[in-house]
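So the structure is just underneath, and the comments pick up after that.
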Amino acid sequence: MKQIIQDLKKGTTILEELPAPIVQKGHVLIKTTRSLVSLGTEKMLVEFGKAGLIAKAKQQPDKVKMVLDKMKTDGILPTLEAVFSKLNQPLPLGYCNVGKVIEVGEGVKGIKVDDRVVSNGNHAEFVCVPENLVAIVPDKVTDDEAAFAVIGAIGLQGIRLLNPTFGETIVVTGLGLIGLIASQLLKANGCNVIGIDPDNQKLLVAEKMGVTPLNPKDTDVVNYILEKTNGIGIDGVIITASSSSDEIISQSAKICRKRGRIILVGVVGLNIRRSDFYEKEITFQVSCSYGPGRYDENYEEKGHDYPIGFIRWTEKRNFETILKAIENEQLKVIQLITEKVGLNDFEKIYSNIGKNNSIASILEYETESDYSRSLTVTHKTFSKTSNIIGIIGAGNFTNAMILPCLKKLNANIKWISSAKGLSGRNMAKRFNISNVTTDYAEILEDKEVDIIFITTRHNLHASMVIDALKKDKHVFVEKPLALNDTELNDIIATYQLGSKSLTVGFNRRFAPLAGRLKKLLGEDNAPINILANMNAGYIPQNVWVQDMGVGGGRIIGEACHFIDLCSFFTNSRITNVCSNSLGTNPAENSDNMSILLRYENGSNAVINYFANGSKQYPKERIEIFKQGKIYVINNWRKLEAFGHKGFTSAKSKLDKGHLNQFKELLSTKENKSLIEMDSLVNTTRASFAAVESIIERRWIEIQ
């Protein structure tokens, strides 16, 4: 299929050939007929892509600070590699999609095959969209008209927050597409509307809608409005403009009456002057996209709707309202269409985006589109004796760490899969991977592939490991191995029935400094004390890693690294686990936790996994105490020994063992697991026990 993307590194807008997505649970698969180009939002993305590195940095000062902090702890080269890796990931453009449903995922209600729908899908021939971001198009509404539903919902949400009443006078600042739609909706709501814009053509369109036009180049806006309202001021302002100037927000306050309201829908400078707002007690609020539910994973991805009795207008219900307004001719959008072009002629729009007087541009899609879930990127042949790899998952970690390591090792990668196709296609091009697919079953069926790498979200690990083992493949899976005992037991049962290896990405034991320290500790297996500190950094609770059902939480999902590392140094099995976390209710603060591990050989380990520290401090520090000696690894860059005759210190570039891990994996002739299965199971059960201990407030025995 074809999809429009923005290359952030080169600054080009491309019509890319991608594998089509497959339908997912709670999602709808749509064949596109029309999509609307959001000239404002997409112009910003296109211009950001074209900007140089310095210009990009100026636009995102908060990201620059993060980069500088990372340089202090991780070094310049690893930080720059991470930055350029991020810039190498293209962005899909578009969020106003119309099409016909061709497949419905498990659990979807109220939508069926052949329904005509709108969604926030991209400019692509096929899109897979969660059901709460999909609305059915009424029969009387054409595809061209329906394409305005999503962007119309943005303007509608701003109006809902303004809460205008019949007869009020409202100013709409910025008469682009959203501003013109908002103006019509305000008129339908019984409001007097004044439209402000420096473009006379847009003012003319607004005037035909019954809006009072006002060009700030020709008129003193403040004096004009105060004169027209007898010095009182208007009731409210909706700002739909895009500008870096602070004057728009200042002007909006000056033209408001006492206790007037200002709603920001667009993007403007926000250096607010207190004096503009103070005497009139003006309220100011920023509107979030389409409405309640936006950016809420429970609503958008998991399909949990908000009860209508508590939240009347969700983003989906806003879509439906716009469609109803078009059907009833309360909102007329055909007059806003400046141009319609075929998808293959997309450059007619994007080559001049923001430079002409377009209001709305429509992309038309061909009736027949190629629906294929896989795509050959590079034609290559593979030796039957080589380790041939298929990668399932194309996220940030795969892009930034796994693929660069495999490239250095000249690994033979035949396949990569990603759910939506774009990230997989991008990585296939960058790392010379032969094929990309959105259906990982195609990789498992390929008899040439003998090693499967699984790098997806954590909740998919167990089922994919089982699927790969059943297809007689060696498996490398990023941590964690599983999220609960049921998943783990199923993996164990499947593994025992086969003959293939299973390796979990506990890379730190393969770090050069870890190997050096292991030799210094010797082979006497005497008990040791370990103190491992992880300055993990804060992650908001709404991020998928924190979701116990998806990411497993940060202990199961990430602290398992340090559980494995401690077991590597002790060369023993964990028998008991006890945990405590920050605060008066420990169960609610599981990413600020101290974990105590008791080992079979008498060793003890304490893992302090904290998320409330400073990013300017190194992330990881391991201290080991043994028979009058102390060993310290500081952020994988320096190893020091105290009391060890003949050795004091060693330095290394920042290396957490990823490259060594993959080197050993691909060079293991007997196809054995790099870490014994018993150890993998013990580590995984210990991570479960750490969470269980917090809840039950006791030591947990590892069976």
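Quick note: the coordinates plus some simple rules give every number you see, no bench work behind them. In this text, all values refer to a predicted model and were calculated from it rather than measured experimentally. Here the Cβ is made from the backbone with ideal geometry for all residues, glycine too, and neighbour counts use every protein chain on show.
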Query raised in the report: Which of the peptides 102-110, 250-258 is most tightly packed, and how do the rest follow, going by the mean number of other Cβ atoms within 10 Å of each residue?
Result: 250-258, 102-110
Query raised in the report: Once you put a point 7 Å from the Cα of D114 and another 7 Å from the Cα of Y278, both along the Cβ direction, what distance in nm separates them?
Result: 6.7
Report task. Could you go through the range 625-633 in sequence order and give the Karplus-derived ³J(HN,Hα) for each residue, using 6.51 cos²θ - 1.76 cosθ + 1.60 with θ = phi - 60°, rounded to whole Hz, and x for Gly and Pro? Result -> 10, 8, 6, x, 10, 10, 10, 9, 9
Requested in this report: Using only alpha carbon pairs under 8 Å that are at least six residues apart, calculate the relative contact order of the range 162-286 and give it in whole percent.
Outcome: 23
**Report entry** Over 31 Å between alpha carbons, listed pairs K340/K420; K109/K470; K25/K332; K2/K619; K380/K651
**Finding:** K109/K470; K25/K332; K2/K619; K380/K651
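With +1 on the Cβ of every Lys and Arg and -1 on the Cβ of every Asp and Glu, and nothing else charged, how large is the dipole of the chain about its Cα centre, in debye rounded to the nearest 20?
The calculation lands at about 2320 debye.
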**Report entry** Farthest positive-ward along the chain dipole, Cα basis, beta-carbon charges - from I311, V543, P527
**Finding:** P527
Report summary line: Asserting the computed 222 nm helical MRE of the chain (DSSP H runs at least 4 long, -39500 (n - 2.57) per run, divided by residue count, to nearest 500) equals -9000 deg cm²/dmol
Query raised in the report: For the cross-link pairs K9/K638; K100/K302; K407/K500, which exceed 26 Å when the distance is taken from alpha carbon to alpha carbon?
Result: K9/K638
Query - Angle between the chain longest axis and helix 61-74 axis [Cα atoms, degrees, rounded to 10] - result: 10
**Report entry** Cα lying deepest toward the dipole's positive end in the chain, options A325, I433, N215, charges on Cβ
**Finding:** I433
Requested in this report: Any aspartates and glutamates with Cα under 20 Å of the K615 Cα? List them, leaving off those in the same chain fewer than 8 positions away.
Outcome: D62, D69, D74, E81, E558, D591, D655
Query raised in the report: Taking Cα centroids, how far is the range 489-506 from the range 316-344 in Å?
Result: 53
Query raised in the report: Just the Cα atoms of the range 385-504: what Rg and Dmax do they give in Å?
Result: 13.5, 39
Report summary line: the range 328-471: antiparallel bridges as % of DSSP beta bridges, rounded to 5, reads 15
Query raised in the report: Of the listed peptides 211-218, 32-39, what is their order by residue-averaged count of other C-beta atoms within 10 Å, with the highest listed first?
Result: 32-39, 211-218
Query raised in the report: Considering amide H positions built from the backbone, and no H for Pro or chain starts, which residues 5 or more places from V286, or on another chain, come under 5 Å of its amide H?
Result: L264
Report summary line: Stretched fully, the stretch from W544 through T376 gains (0.36 nm per residue minus C-alpha distance, one decimal, in nm) 57.3 nm
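I need the GluC sites (Glu not before Pro) found in the range 613-703, filtered to DSSP loop residues with at most 10 other beta carbons within 10 Å of theirs.
Filter output for the range 613-703: E670, E676.
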**Report entry** Expected-Rg normalisation [2.2 N^0.38 Å, Cα atoms] applied to the range 162-286
**Finding:** 0.95
Query raised in the report: Taking the C-alpha atoms of the range 250-312, how large are the radius of gyration and the largest Cα-Cα span, Dmax, in Å?
Result: 16.2, 45
Query - Euclidean distance of C-alpha centroids, the range 89-109 and the range 359-379, integer Å - result: 13
Report summary line: Of the convex hull enclosing the alpha-carbon atoms of the range 508-701, the direction-averaged projected area in nm² is 12.1
Report task. Output the Kirkwood hydrodynamic radius of the range 414-467, Cα pairs only, in Å rounded to one decimal. Result -> 11.6
Requested in this report: Take the alpha-carbon positions of the chain, form their convex hull, and give its projected area averaged over all directions (one quarter of the hull surface) in nm².
Outcome: 34.0
Query raised in the report: Reachable aspartates and glutamates from K429, Cα under 15 Å, same-chain residues fewer than 8 places away excluded?
Result: D7, E16, E17
Requested in this report: State, to one decimal in nm, how far the label point of T668 lies from the label point of E347, with both points 7 Å from Cα in the Cβ direction.
Outcome: 5.0
**Report entry** Note, ³J(HN,Hα) from phi for the range 407-423, Karplus 6.51, -1.76, 1.60, rounded to Hz, x at Gly and Pro
**Finding:** 5, 4, 8, 6, 5, 8, 9, 9, 9, 9, 10, 9, 4, 9, x, 5, 5
Report task. Return the percentage of antiparallel bridges among DSSP beta bridges fully within the chain, rounded to the nearest 5 %. Result -> 55
Query raised in the report: Could you state the number of Å between the C-alpha centres of the range 185-259 and the range 384-416?
Result: 56
Requested in this report: With 10 Å bins from zero, work out the P(r) of the range 413-570 over every alpha carbon pair and list the percent per bin.
Outcome: 10, 30, 33, 22, 5, 0
Query raised in the report: Once the principal axes of the Cα atoms of the range 376-446 are found, what is the range along each, listed largest first in whole angstroms?
Result: 31, 26, 18
Query raised in the report: If you keep only loop residues by DSSP, which chymotrypsin sites (Phe, Trp or Tyr not before Pro) in the range 414-451 have at most 15 other Cβ atoms within 10 Å of their Cβ?
Result: none
